[in-house]
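What follows is one structure encoded as structure tokens, with my remarks underneath.
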Amino acid sequence: MDTAHAEEATATRHEAPAIEVRDVSRRFGGRRALDHVSLRVAPGEIHALLGPNGAGKTTLLRIMTGLTDADSGQVVLQGVPGRDPTSRETRGLIGLVPSGDRTFYLRISGLENLLFFARLHGLRKRSALGRARACLRDVGLEEAAAIPVGQYSHGMQKRLGIARALLTDPRLLFVDEATHDLDPGGAILVRELVGRAAANGAAVVWTTQRIEEIRGFAGDVTLLGEGSVRFQGTVPQLLASTEATRFLIQLRADGVGASEVLERGVLALEGLGLLAPVGVEDPSHFVLELSDGVVLGRAAAALQGVGLDVVACREERSDIEAAFILLTMGERG
């Protein structure tokens, strides 16, 4: 799914939602897993559910799919309050890719597994066979269709899980940590398949800890921390929630050597930040780390004040990672 599609999907968030979570809470014993969580996912949107381990992502996914009950609150699917996610009618609308899936029958083939699950969904034998073969082809397992699943690699079993979730061409697709332990090629394939489902109108909830993968892929994002919503909005809005503090800069001063440039810079930035050389093989580039509350413009002005020109500058860290850490581990606002 490319950036243009992600932006188009984001524009749909004002439409009537296909998935709506209203003020859902859940406790397990004395532990609060979810605390008054709400979100909306429109048809054709990929909504990222982001958070560290223990944030409540999987619990919320299980509540949305009817595998766990909420203590309070409500989940509305396809605009129908009180719809039972476990009913046969609703199961046909839902595709689920669980984390750590161990529900395949290892002694039979991938094709036979998909045929079994397609028949459970009520597909007639001929339709089930056609859908099973098509889904195996889509996930790149066509040549392994007759091989027992117990002989599949872990990555192949992950792809088979995607194929099963897509069997009924679901209108609601829930994906839990699908790329957690896949190689880059496998992760790209999974995102492409999910992106294709969204392009065909499916509402997608995508849970992940791999925060960089939501850029250009997801439309809206809900960030959970300790069961509470710490952020909700678009990916660009998430990026705007924190400021860069670490930069790679190129400094120049006519007739001045690298050691003197560094000395001048360190003195000019006293109290504003730290300046360190990249290495002896690259004497004109430095790492600048700003102190808390200091903006880049102020540091650049200080450097220019001692005769050092900032020739080039780029951020030297992940924007999304910084926002993730700030919002999930920092103090609540």
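The values are calculated or read from the model by the stated rules, or taken from the named source; none is laboratory data. All figures in this text were calculated on a predicted structure; none of them were measured in a lab. Counting neighbours? That spans all protein chains shown, and the Cβs are built from the backbone with ideal geometry, glycine included.
From 106, 93, 120, which residue is crowded, with 16+ Cβ neighbours inside 10 Å and either at pLDDT 85 or above or under 27 Å from the mean Cα position of the chain (by Cα) (or both)?
93
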Within the range 143-159, is even one residue free of Cβ contacts under 8 Å to residues at least 40 places away in the same chain, closer than 25 Å to residue 204 by Cβ and among the acidic types (Asp, Glu)?
no
Which residue, of 251, 238, 182, 223, is outside any helix (DSSP H, G or I), buried (at least 23 other Cβ atoms within 10 Å of the Cβ) and either out of contact with any His (no Cβ under 9 Å at 6 or more places or on another chain) or assigned by TED's automatic domain parsing to the domain that holds residue 108 (or both)?
223
Can we say residue 136 is part of a helix (DSSP H, G or I) and more than 28 Å from the chain's Cα centre (by Cα)?
no
Are any residues in the range 17-59 farther than 25 Å from residue 202 by Cα and in a loop (DSSP other than H, G, I, E, B), and if so, which ones?
29, 30, 52, 53, 54, 55
Restricting attention to the range 195-214, and to residues there that are part of a helix (DSSP H, G or I) and of a type in the set (A, V, I, L, M), which single residue is nearest to residue 54 (Cα to Cα)?
211
Name every residue in the range 44-62 that is polar (S, T, N, Q) and within 23 Å of residue 169 (Cα to Cα), in order of residue number.
58
Return the total of residues in the range 152-179 being assigned to a loop (DSSP other than H, G, I, E, B) and surrounded by fewer than 17 Cβ atoms within 10 Å (Cβ to Cβ).
2
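For (1) closer than 16 Å to residue 187 by Cβ; (2) among the hydroxyl-bearing types (Ser, Thr, Tyr); (3) modelled with pLDDT of 95 or more; (4) in contact with a Phe, Trp or Tyr (Cβ under 7 Å, 6 or more places away or on another chain), each residue gets a yes or a no:
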position	(1), (2), (3), (4)
129	no, no, yes, no
134	no, no, yes, no
143	no, no, yes, no
147	no, no, yes, no
151	no, no, yes, no
154	yes, no, no, no
157	yes, no, no, yes
169	no, no, no, no
Run down 104, 117 and say which single residue is over 20 Å from residue 201 (Cβ atoms), assigned by TED's automatic domain parsing to the domain that holds residue 18 and in contact with a Lys or Arg (Cβ under 6 Å, 6 or more places away or on another chain).
117
Filtering the range 1-42 down to residues that are of a type in the set (Ser, Thr, Tyr) and in contact with a strand residue (DSSP E or B) (Cβ under 8 Å, 6 or more places away or on another chain), which residue is modelled with the lowest pLDDT?
10
If residue 88 satisfies every condition in (1) modelled with pLDDT under 90; (2) more than 30 Å from residue 151 (Cβ to Cβ); (3) surrounded by 14 or more Cβ atoms within 10 Å (Cβ to Cβ) but one, which is the exception?
(3)
Mind listing whichever residues of the range 256-301 are touching a strand residue (DSSP E or B) at 6+ places or on another chain (Cβ under 9 Å), assigned to a helix (DSSP H, G or I) and either of a type in the set (A, V, I, L, M, F, W, C) or surrounded by fewer than 17 Cβ atoms within 10 Å (Cβ to Cβ) (or both)?
258, 259, 261, 262, 266, 268, 296, 298, 299, 300
Scan of the range 109-127 for residues that are aromatic (Phe, Trp, Tyr) and out of contact with any helix residue (DSSP H, G or I) (no Cβ under 8 Å at 6 or more places or on another chain), ordered by number:
116
